[in-house]
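Every number here is computed from the coordinates shown, using simple stated rules; none is lab data. These figures come from a predicted structure and were not determined experimentally. Positions of Cβ are generated from backbone atoms using ideal geometry, with glycine treated the same way; all protein chains shown enter the neighbour counts.
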Ligand SMILES: Cc1cc2nc3c(=O)[nH]c(=O)nc-3n(C[C@H](O)[C@H](O)[C@H](O)COP(=O)(O)OP(=O)(O)OC[C@H]3O[C@@H](n4cnc5c(N)ncnc54)[C@H](O)[C@@H]3O)c2cc1C
């Protein structure tokens, strides 16, 4: 584009890839008033399909991006939990807490909904393939690689770090069963571990389910070049519950192979290029976290780009914030996946399981979130607060230091509580501003008075949540 001064003006922000990450970034930036061009390759007709499960925690990020209505209107199956045979024969029916519901959706269908929403927000969408040459020639102020595992830019040598111990291939077929599926709740994701891998199934409506097996490509018959449909059926036959379930169902389409091996990036920011969503890192599907992670990554990238463009002095801080967030998100989800594999490994001794407990190769820093081992200490602190005739709380040993954080749609510096366990600093726990809580606590002898004072100064919070956070502050020694 040529300006009236005859000079090249920068292109708008350029986003490659119209999956969850690209759409989240594009819509957020467009709503913040930026010109955004999104180039995405359309899915080929009759190509591989994949249904995914999005837990209820996805609701918050749908809201943040502004797509809740569009996702609701799409009519995806709403799920109330999981049914698992994990590491043994016992069936566990696990409803989501407090009756919450998640979503079961084909990634392509969800992406279409998100793309239409981004276009309605003003994003210019081009339906074609994007190349790395085009990226290099682009004069855009920022280029976001959101092309998923394809990683148009993320595949440059030296950028991605594979995890050799966590290689998996998913083989996915679409099955139809007349009269529904004989499980306690047909909206549930079904999961079964078996000797050489694990199987899972996601319903997509009217008696139809995607049924997948997850195998190690080096150890399965795939590596010996056998026909995929034979390998798929043979793997399913090893999982007794799934074998019984598909017994009188019909395989309608597939199977298709999906590489589901984990990887992360050495760096997520390369000058004006950001690696976002699966382009930067991929976590095992076992966590059911990929879509949410991609949406959060897209939103965070958009906030970092917006901050850089509107407050150039904050550019370095904002991009470093995105970089650190991506590292932390991957490390946390990787740890969860390995822990989950370890629970099944108690019931399976085959190499698929024993090889899957690799220690972290990347950084694995603390996030300040609750640890299971904290639970007892928090409960005990809660009881002490409840029984005490009067509180006499004073701040414990910690430092308050400025750290970057997102407020609204910007990266800003804010005062955060820094301890050995939370070097990145902590400001909010369950929505409660702990710095403010610690400031107010010494002046109040009764918990209800402290609660009222907090709500008068800050956005009101739920009393039970407030008391839990107060007990956490005492249990962790921030208040003594
Ligand atoms: C087997 C399997 C099971 C999974 N199960 C779950 C689950 O249960 N729950 C869950 O949350 N997640 C699951 N995931 C992960 C989830 O699908 C991804 O994490 C999520 O889709 C990532 O979003 P993204 O936008 O980063 O990438 P993608 O969804 O991969 O989107 C990338 C986009 O870029 C486009 N593109 C690619 N190359 C180019 C190019 N050259 N030019 C232009 N456009 C291009 C693609 O067409 C696509 O639209 C699963 C993944 C696999 C493989």
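Among bridges DSSP assigns within the chain, what percent are antiparallel (round to 5)? Please list the in-between numbers first.
Numbers: 59 of 77 bridges.
Here the antiparallel bridges make up roughly 75 percent for the chain.
Would you mind getting me the FRET efficiency between residue 63 and residue 252? Use the beta-carbon distance for r and R0 = 51 Å, nearest 0.05.
Numbers: r = 35 Å, r/R0 = 0.69.
That pair, residue 63 with residue 252, gives E of 0.90.
Can you pull the one-decimal nm distance between simple spin-label points at residue 428 and residue 390, each 7 Å off the Cα toward Cβ?
3.5 nm
Over all pairs of distinct alpha carbons, what does the Kirkwood formula give as the hydrodynamic radius of the stretch 229-298, in Å? Show your work: numbers first, answer last.
On the way: mean 1/r = 0.0663 Å⁻¹.
That comes to 15.1 Å for the stretch 229-298.
Any chance you could list P(r) for the stretch 374-475, counting all Cα-Cα pairs in 10 angstrom bins from zero, rounded to whole %?
Calculated P(r), rounded to whole percents: 15, 46, 33, 6, 0.
Where the centroid of each part is defined by its Cα atoms, how far is the stretch 391-415 from the stretch 159-191 in Å?
Distance between centres, Cα-based: 41 Å.
Pairs of alpha-carbon atoms within less than 8 angstrom and 6+ residues apart define the contacts here; what relative contact order does the chain have, in percent?
Working: 889 pairs, mean separation 74.8, N = 480.
Normalised by residue count, the contact order of the chain is 16 percent.
Run the quick spin-label model on residue 383 and residue 228: label points 7 Å from Cα toward the beta carbon, then report their separation in nm to one decimal.
5.7 nm
So what is the relative contact order of the stretch 283-343, in percent, for Cα pairs below 8 Å that sit 6 or more residues apart?
Numbers: 34 pairs, mean separation 25.1, N = 61.
In percent, rounded to a whole number, it is 41.
Given 0.36 nm per residue, what is the gain on full extension from residue 139 to residue 415 after removing their alpha carbon distance, in nm?
Numbers: separation 276, 0.36 × 276 = 99.36 nm, distance 3.67 nm.
Working it through step by step, the gained length comes to 95.7 nm.
Between residue 443 and residue 374, how high is the FRET efficiency from 1/(1 + (r/R0)^6) when r is the Cβ-Cβ distance and R₀ = 22 Å? Nearest 0.05.
Details: r = 27 Å, r/R0 = 1.20.
Efficiency for this residue pair is about 0.25.
Express the Stokes-Einstein translational diffusion coefficient of the chain in µm² s⁻¹, to the nearest whole number, given a Kirkwood radius over alpha-carbon pairs, 20 °C and a viscosity of 1.002 mPa s. Mind dumping the intermediate values first?
Details: Rh = 24.4 Å.
The estimated diffusion coefficient comes to 88 µm²/s.
Between residue 238 and residue 465, how high is the FRET efficiency from 1/(1 + (r/R0)^6) when r is the Cβ-Cβ distance and R₀ = 45 Å? Nearest 0.05.
Details: r = 45 Å, r/R0 = 1.00.
The value I calculate is 0.50.
Under the rule a/c < 1.5 gives rounded, and otherwise a/b versus b/c splits prolate from oblate, where does the stretch 108-241 land using the Cα gyration tensor? It would help to have the intermediate numbers written out before the result.
Values: a/c = 2.96, a/b = 1.49, b/c = 1.99.
It comes out oblate by the Cα gyration axes.
Multiply the residue gap between residue 94 and residue 436 by 0.36 nm, knock off their C-alpha separation, and tell me the result in nm, one decimal place. Please report the intermediate quantities before stating the final value.
On the way: separation 342, 0.36 × 342 = 123.12 nm, distance 3.67 nm.
Gain on stretching residue 94 to residue 436: 119.4 nm.
Return the Cα extents of the stretch 166-259 along principal axes one, two and three, sorted largest first, each rounded to a whole Å.
Rounded to whole Å, the extents work out to 38, 22, 20 Å.
Report the percentage of all Cα-Cα pairs in the stretch 23-114 whose separation exceeds 21 Å, rounded to a whole percent.
Details: 1964 of 4186 pairs.
Of the Cα pairs, 47 percent sit more than 21 Å apart.
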